[in-house]
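Engineer: Okay, here's the structure, questions in a sec.
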Amino acid sequence: MNAMQEQIRSIIHKHEGLKKNLIAILLDIQSENAYLPPEALRTVASELAVPLIDIVGLATFYRAFSLKPRGRHLVTVCLGTACHVRGGPKILSEFEKRLAVEPGETTPDKQFTLETVACLGCCAIGPVVVVDRDYYGHTTIQRVNTILKKYQRGNKPKATKRVAKHA
Amino acid sequence: MIQLKMNGLEIQAEEGWTLLEAARFYGLEIPTLCHNDGLTEFGGCRLCLVEIGEGPRSKLVSSCTYPVEEGLVVHTDTARVVRARRMMLELMLSTAPGSKKLQDLASKYGLTHQRFKPRDEECVYCGLCVRICEEQMDARAIGFQNRGNKRKISTPFDARSEVCRLCGACMYICPACQLRCQGPAAETDICNACLTMEPTCLEEYGELQCWMYDAGRCGTCVQEKRK
Ligand code: SF4
Ligand code: SF4
Ligand code: SF4
Ligand code: FES
Ligand code: FES
């Protein structure tokens, strides 16, 4: 039994080996590995006796899961209706240009993964960009670089501005 | 036994039947795509829509999933139903214009124009392949993946599945896998409705075939005869 299988088994054990805890199990695997490795899903399938296709269907359905390795930081640009009309797509293409990746991809140095989302529920501060857990409201093309810089290697993001609901 | 009214007929159905089963039992035709007698219902294609209730509160439901109810009033062919069905067909046909099954349904149910840009996909997400693989072949090799406009049918990790039996049932049942014929005007969005060719209403026309989709009802040939 390799290390990966051992890790999966202890996670499953923590969730009492119950099928109904499948999502919680996958979330744990995702946070330990930053993504869901195929081998891990196979192990879950055989341990829980759930068809592999059902697990893959679930893992590809929710945005919280990723089947591809993700970078250290997750940059999410909102393209919901409100953010769209306020220039979300322009912000996105600025990120695409600066990171040289398309949505869903990770930079070669594994620092950033770019994603899009359709509304985060805080349209009033649109266009919204989220990096890891930090929300940036009223984003402009000019601010894209400033935001990225905070997370670039070496720059520990400290005291990042969190935008509250009323911002 | 449950009593209900379908197209004005008093009919009886067994408890647990769907409206579709009841209609078919009485010989009323309802088109279907995602329904198959040997599989669980899916309710995805909406071709089997019927109208239930009366007056302004009537509504459209999918007959393959709606169970018979005591005293229910059902109409299987109202103008509203026909319009909704044609819309569903038009949408599905724009997704997979190469599908023979869809082209045939389109000609049979009188779809004569296509307003949406054809996308030439190979799937209309009817779920038949997934269900036959799971329920009849007991393999569970394929399934729906992703979400929204990225939704697709595939094996885990898009690789050859270890549990697939190579039985071919998924392809056999797929309405998008059999391509339409390459007959006259094969590149058009809607084909020529050969399927609906029927003998003309008048015997004088001998071997001629009627090309009107409501064959025998339009009366064109009768008028021509009078001239
Ligand atoms: S060929 Fe494979 S995927 Fe298709 S129905 Fe058979 S077992 Fe399922
Ligand atoms: S592949 Fe064919 S059978 Fe399967 S969902 Fe798509 S259209 Fe339906
Ligand atoms: S041209 Fe006729 S036979 Fe060919 S696909 Fe169209 S309706 Fe069918
Ligand atoms: S549209 Fe971006 S937060 Fe609602
Ligand atoms: S046959 Fe009823 S929804 Fe497809």
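Engineer: Quickly run through the range B:113-156 and pick out the residues that are within 12 Å of chain A (Cβ to nearest Cβ), under 27 Å from residue B:188 (Cα atoms) and of a type in the set (S, T, N, Q).
Structural biologist: Hit for the range B:113-156 is B:149, nothing else.
Engineer: If you take the residues in the range B:151-163 that are of a type in the set (A, V, I, L, M, F, W, C) and open to solvent by less than 50 Å² (accessible area, probe 1.4 Å), which one is nearest to ligand 5 (Cβ to nearest atom)?
Structural biologist: B:153
Engineer: Which numbered condition trips up residue B:12, out of (1) more than 30 Å from residue B:122 (Cα to Cα); (2) in contact (Cβ under 8 Å) with a residue 12 or more places away in the chain?
Structural biologist: (2)
Engineer: Right, residue B:169: at pLDDT below 95, open to solvent by less than 70 Å² (accessible area, probe 1.4 Å), within 30 Å of residue B:111 (Cα to Cα) and more than 16 Å from ligand 4 (Cβ to nearest atom) or not?
Structural biologist: no
Engineer: Out of curiosity, is residue A:59 at pLDDT 95 or above, away from every other protein chain (no Cβ under 14 Å), on the phi < 0 side of the Ramachandran plot and in contact with a helix residue (DSSP H, G or I) (Cβ under 9 Å, 6 or more places away or on another chain)?
Structural biologist: So residue A:59 fails the test.
Engineer: Which count do you get for residues in the range A:113-137 that are open to solvent by less than 10 Å² (accessible area, probe 1.4 Å) and of a type in the set (Phe, Trp, Tyr)?
Structural biologist: Selection size over the range A:113-137: 1.
Engineer: Which of the residues spanning the range A:72-112 are in contact with a His (Cβ under 9 Å, 6 or more places away or on another chain) and open to solvent by 60 Å² or more (accessible area, probe 1.4 Å)?
Structural biologist: A:86
Engineer: Pairs, please: C-beta under 6 Å, at least 6 apart or cross-chain, first residue touching a residue at least 12 places away in the same chain (Cβ under 8 Å) and in the range B:136-165, second among the charged types (D, E, K, R) and open to solvent by 50 Å² or more (accessible area, probe 1.4 Å)?
Structural biologist: What qualifies is B:137/B:165; B:139/B:165; B:140/B:134.
Engineer: In this structure, is residue A:34 on the phi > 0 side of the Ramachandran plot and either outside the structural domain of residue A:95 (by TED's automatic domain parsing) or modelled with pLDDT of 95 or more (or both)?
Structural biologist: yes
Engineer: Here's a follow-up. Here is a list of conditions, (1) open to solvent by less than 50 Å² (accessible area, probe 1.4 Å); (2) among the polar types (S, T, N, Q); (3) not assigned by TED's automatic domain parsing to the domain that holds residue B:187, and residue B:12 meets all of them except one; can you say which number that is?
Structural biologist: It fails just one condition, (1).
Engineer: Enumerate the helices (runs of 4 or more DSSP H) found wholly within the range B:50-150, keeping only those where 3 or more residues are open to solvent by less than 50 Å² (accessible area, probe 1.4 Å) and away from ligand 2 (no atom under 14 Å from the Cβ).
Structural biologist: Helices (runs of 4 or more DSSP H) meeting the threshold: B:79-95, B:100-108.
Engineer: Please verify whether the range A:87-98 includes one or more residues that are modelled with pLDDT of 95 or more and within 20 Å of residue A:65 (Cα to Cα).
Structural biologist: No, the range A:87-98 contains no residue that is modelled with pLDDT of 95 or more and within 20 Å of residue A:65 (Cα to Cα).
Engineer: Can you confirm whether the range B:157-174 contains a residue that is in contact with a Leu (Cβ under 7 Å, 6 or more places away or on another chain) and more than 13 Å from every other protein chain (Cβ to nearest Cβ)?
Structural biologist: Looking for residues that are in contact with a Leu (Cβ under 7 Å, 6 or more places away or on another chain) and more than 13 Å from every other protein chain (Cβ to nearest Cβ), one finds at least one in the range B:157-174, hence yes.
Engineer: Can you tell me which residues in the range A:138-167 are among the small types (Gly, Ala, Ser), open to solvent by 70 Å² or more (accessible area, probe 1.4 Å) and either at pLDDT 95 or above or over 26 Å from residue A:66 (Cα atoms) (or both)?
Structural biologist: Across the range A:138-167, the qualifying residue is only A:159.
Engineer: So for the range A:62-80 (the condition being part of a helix (DSSP H, G or I) and of a type in the set (Gly, Ala, Ser)), does at least one residue qualify?
Structural biologist: no
The values are calculated or read from the model by the stated rules, or taken from the named source; none is laboratory data. Since this is a predicted model, take the numbers as computed values, not measurements. Using ideal geometry, Cβ is built from the backbone for each residue, glycine included, and neighbour counts are taken over all protein chains shown. Just so you know, the surface numbers come from the protein's heavy atoms only, side chains and all, with ligands and any DNA or RNA stripped out. Shrake-Rupley method; radii C 1.70, N 1.55, O 1.52, S 1.80 Å.
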